[in-house]
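Taking it in order: structure first as structure tokens, then the write-up.
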Amino acid sequence: MAQAPLQPARGTHDLIGAEFRRHHHVIEVARRIAALYGFEEWATPIFEDTRVFARGLGDTSDVVSKEMYSFADRGGESITLRPENTAGVCRALVSNGLTQSNLPRKVFYAGPMFRYERPQKGRYRQFHQIGIEVLGAAEPLADAEVIACGWHIQQELGIDEGTVLEINTLGDAASREAYRAALIAYFAAHRDALSEDSRTRLEKNPLRILDSKDPKDKALVAGAPTIHDHLTAEAAGFYAAVKRHLDAFEVPFRENPRIVRGLDYYSHTAFEFVTDRLGAQGTVMGGGRYNGLVEEMGGPPTPSVGWAAGVERLSLLLEAAGLTPAAPRPVAIIPIGEAAEPAAIDVLQSLRDYGVVAEIAYRGNMKRRLERANRIGAGAAVILGEEELAAGMAVVRNLDAGSQERVALPDLLRALAETGVVESAAQAMLNSILEEELGDDPEDTDADTDEDGDEGRA
Ligand code: ATP
Ligand code: MG
């Protein structure tokens, strides 16, 4: 008897076709822009010792108290699938002995995260984040640059019109102590109107209540005191400097005194990029300054700042804006008869060597092969018949226009580029022209400067 088809586990999803292309595009753009800002990419393990998160994120955070995928492995160690990557990056800084030299370290990452949440649009149990961290910089310029990089990525993706930066400060320890007392006084007076979770938070960490998604809490939060009446002069000065630098970076923002962020480790700057285009899941990128996290991992005090963004949410914004990247259009190589197959394979591989996306069907007559070419979205076909091959020629057919021409094999790339429907062929043609015009192999020049540089340093 046939087995019932299996489904993906609740809260997980497959990335296929256009969805994969959007997802990949988000990560590639982020990676490229982060590199322009001097961030190097790190990859830390997907699971860690549970203590990395329990210590790092604080046990009053929603993530640690309700959302972690933690289990004992076969050896009895408590393991957790990472719910976020900042704690892992800080752990890696310490474990790899990088806390003393070359600070600040600027780190970019991308990868899957896991949280046991109620799945809905834009909220999954396995989701993906991109993120950056500047480790070991106490200056407000670092906060502003981190935010500017996030904004640049959104601009480059073309979704910046739909998002707004909201910023706040959580002050320094002294500011938060004073604010904490004011919040306890306020919420204690409204204790009965609080959700059960928030009554617990009132004891452990009243700031958490400001981040509650419970409608009852939200109503109370609207009237709560803000931290701005409790900032020390130093904290207020830091916040003013961040805003000044944001102006210099030309990043627009609005202030929102309610932003506290979901994790326990923040101080000073806290920010979110929010959108009204994703229903309830309105935050696409969030972050701030965290000054105690590296110490929690056993390292020295290392003031740091960073953000993380949800790849699925950015990808939904791309889709809504009609910005799904197109799939590349291949060239279909069509041999007529078995005798033409070796020559067809030769053409196929030389096009691929040039960087042209090219495909060959594994069987079928010309009609079948043309049908297949249309199904895979090919822009052009190269038809290789016995007669053409004997004359060193091929037929290039523009599959959109239906027009075709006979060309000599050495002219194939140019003819494909001229169809205007195969982007990779146009790009390859451009590259070959550039190479010819530049003459010298540019790699040689690189090697020369490297050598000189090394000698200079030695
Ligand atoms: P939210 O308030 O939406 O639960 P959060 O404060 O828990 O978000 P962070 O821990 O700051 O989120 O993570 C940064 C970003 O990662 C979020 O702004 C969001 O874009 C994305 N993200 C967080 N949780 C999920 C999830 N379960 N599914 C998809 N994306 C998520
Ligand atoms: Mg959350």
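The values are calculated or read from the model by the stated rules, or taken from the named source; none is laboratory data. The shown structure was predicted, so the numbers you read here are calculated from the model rather than taken from an experiment. FYI the Cβ positions are ideal-geometry reconstructions off the backbone, even for glycines, and counts take in every protein chain you see. Accessible surface areas use protein heavy atoms only, side chains included; no ligands, DNA or RNA. Shrake-Rupley method; radii C 1.70, N 1.55, O 1.52, S 1.80 Å.
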| note | So, with points 7 Å from each Cα along the Cβ direction, the ALA9-ARG32 label distance in nm works out to 3.4 nm
| Full-extension gain in nm, LEU434 to ARG180, via 0.36 nm per residue minus C-alpha separation | 85.1 nm
| Where both residues lie in region 331-437, what percent of DSSP beta bridges are antiparallel, nearest 5? | 55 percent
| field | Neighbour-limited loop hits for trypsin sites (Lys or Arg not before Pro), region 157-220 (at most 12 other Cβ within 10 Å; DSSP other than H, G, I, E, B) | value | LYS213
| Cross-link reach list, aspartates and glutamates versus LYS213, counting only Cα pairs under 19 Å and skipping chain neighbours closer than eight places | ASP59, ASP62, GLU67, GLU117, GLU166, ASP192, GLU196, ASP197, GLU203, ASP264, GLU272, ASP276
| request: With both partners inside region 149-274, how many of the DSSP beta bridges are antiparallel, as a percent to the nearest 5? | output: 75 percent
| note | Sorted by chain and number, the residues with a modelled amide H under 5 Å from that of HIS128, at a separation of 5 or more or across chains, are MET113, VAL311, GLU312
| said: Per residue, how much accessible surface does the chain expose to a 1.4 Å probe? Answer in Å², no decimals. | reply: 51 Å²
| field | Links that overshoot a 29 Å alpha carbon limit, given the list LYS218/LYS243; LYS106/LYS243; LYS204/LYS243; LYS66/LYS216; LYS121/LYS218 | value | LYS204/LYS243
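Among the trypsin sites (Lys or Arg not before Pro) within region 330-437, which fall in a DSSP loop and have no more than 13 other Cβ atoms within 10 Å of their own Cβ?
Answer by residue number: ARG363.
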| message | Through the Karplus equation 6.51 cos²θ - 1.76 cosθ + 1.60, θ set to phi - 60°, convert the phi angles of region 227-240 into ³J(HN,Hα) values in whole Hz; use x for Gly and Pro. | response | 5, 4, 7, 10, 6, 6, 4, 5, 5, 5, x, 4, 4, 4
| said: With a 1.4 Å probe and all protein chains kept in place, how do LEU57, LEU98, LEU438 rank by accessible area, largest first? | reply: LEU438, LEU98, LEU57
| task | Whenever you get a sec, compute what percent of the accessible area on the chain sits on carbon and sulfur atoms (1.4 Å probe). | result | 50 percent
| task | Work out from phi, with θ = phi - 60° and the Karplus expression 6.51 cos²θ - 1.76 cosθ + 1.60, the ³J(HN,Hα) of each residue of region 391-399, listed in order in whole Hz, and give x for Gly and Pro. | result | 8, x, 10, 8, 9, 9, 10, 7, 6
| query | Percent antiparallel among DSSP beta bridges with both residues in the chain, to the nearest 5? | reply | 80 percent
| For the pair ILE46 and ILE376, what calculated FRET efficiency results from E = 1/(1 + (r/R0)^6), where r is the Cβ-Cβ distance and R0 = 41 Å, to the nearest 0.05? | 0.75
| note | Stretched fully, the stretch from ARG258 through SER78 gains (0.36 nm per residue minus C-alpha distance, one decimal, in nm) 61.3 nm
| message | Quick check: residue separation of ARG406 and GLN100 times 0.36 nm, minus the Cα distance between them. What number comes out in nm? | response | 103.6 nm
| query | In region 1-84, which GluC sites (Glu not before Pro) are in a loop and have at most 15 other Cβ atoms within 10 Å, using DSSP for the loop call? | reply | GLU77
| Just from its helices, what would the mean residue ellipticity at 222 nm be for the chain, if runs of 4 or more DSSP H residues each count -39500 (n - 2.57) and the sum is divided by every residue, rounded to the nearest 500 deg cm²/dmol? | -12500 deg cm²/dmol
| Lys/Arg +1, Asp/Glu -1 at C-beta; region 331-437 dipole; positive extreme among ALA380, ALA390, VAL347 | ALA380
| field | Cα-based helix-to-principal-axis angle, 341-354 vs the chain, degrees rounded to 10 | value | 40 degrees
